[in-house]
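The values are calculated or read from the model by the stated rules, or taken from the named source; none is laboratory data. Values in this document were obtained by computation on a predicted structure and should not be read as measured data. Cβ: placed from backbone, ideal geometry, glycine included. Neighbour counts: every protein chain shown. For the accessible areas, the whole protein counts, side chains as well, though only heavy atoms, and no ligand, DNA or RNA atoms are used. Shrake-Rupley method; radii C 1.70, N 1.55, O 1.52, S 1.80 Å.
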Amino acid sequence: MGKTRYVNLHQCVYNSGAENFTSVVNVPNDGFDAGTNASNTADASQNCGPGSAGYPYVPQFQTSGLTSLDLLGNRFVNLHQCVYNGGADNFTSVANVPNNGLDAGTNASNTADASQNCGPGAAGYPYVPQFNTSGLTSMDVLNNRYINLHQCVYNGGADNYTSLVNVPDNRFDTGTNASNVVDANQSCGPGGAGYPYVPQFQTSAVTTLDTLDTTRGEGFVQYTIIAPTLDTTQVFDQSATLNGTGQPTDPMSSGTITVDPALAVPLVNPYMGGLALLAGLTGAGLFTLRRNQAGAK
């Protein structure tokens, strides 16, 4: 079935003066909600709650950000968690932010990332991989409907540390995953090293993103044909076969394409072999042809 095109990842950072707290999902204390969602539209602006309990939202610090991941043609969501340390304060980043020294390499790709990509840090907050609290989780969304984002917050007294992925220090692991099941409960490690898991602070939560889009039907195949340069009008045969796992048959279609050199516009004979052919001019002698077949995966 069709996929929603984008995962819009909203990173919202709140500051108490002494420390930064990162939220990426909706949480019981909704002053810290983030607008992370799955949609057919890339979000144009960030959506963050106003903050709460002495932790206002501080966009001027340029540590909040919005990353829209395009799922079209991409199998994996690679969630990079980068932790920067300012001494008494740990700051978590999973998105690209205006202060790009604090960027994370989170992306959508046909490849599962093998290594983590983090900026070097900025303004007294260096990247500290040796603390073993940064991590990378690759989620396969090809055959999985849901992305279950588990946000786990650990408290070290004056400092809140947010984790969204599995990390080398697995006491801070989270249950973030891609699945065909909606996670009913949050999964968080117990914490450690003076940072216990503190669900009573109501800043931890699980948010499930539904990537299924029933309006797209059962899929389409899109490809490009480049017409030759001609002196006279010519007619070309065109055929195609749809095949793949899950199909009862491999449907075939054939038709003709007429190329007129004076117009440089390919003219398509549609509805040959039961498959509709849609052609649109995208440049001189270049056009895109789409096939749509019910039941094709």
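Some points to look at:
- Single residue of region 104-131 satisfying the filter (hydroxyl-bearing (S, T, Y) and out of contact with any His (no Cβ under 6 Å at 6 or more places or on another chain)) that is surrounded by the most Cβ atoms within 10 Å (Cβ to Cβ): Y125
- F21 meets all of the listed conditions (1) outside any strand (DSSP E or B); (2) more than 15 Å from the chain's Cα centre (by Cα) but one, namely (1).
- Listed by first and then second residue, the pairs with beta-carbon distance under 6 Å, at least 6 apart or on different chains, first residue in region 174-200 and touching a residue at least 24 places away in the same chain (Cβ under 8 Å), second of a type in the set (S, T, N, Q) and surrounded by fewer than 19 Cβ atoms within 10 Å (Cβ to Cβ), are G175/S187; A178/N144; S179/N144; N180/N144; V182/T208; V198/N155.
- Sub-8 Å Cβ pairs linking a first residue in region 14-31 that is surrounded by 19 or more Cβ atoms within 10 Å (Cβ to Cβ) to a second residue that is of a type in the set (K, R), at least 6 apart or interchain, number zero.
- The single condition from (1) modelled with pLDDT under 95; (2) open to solvent by 60 Å² or more (accessible area, probe 1.4 Å) that A44 fails is (1).
- Listed conditions (1) farther than 26 Å from T211 by Cα; (2) touching a strand residue (DSSP E or B) at 6+ places or on another chain (Cβ under 7 Å) are all met by S52, apart from (2).
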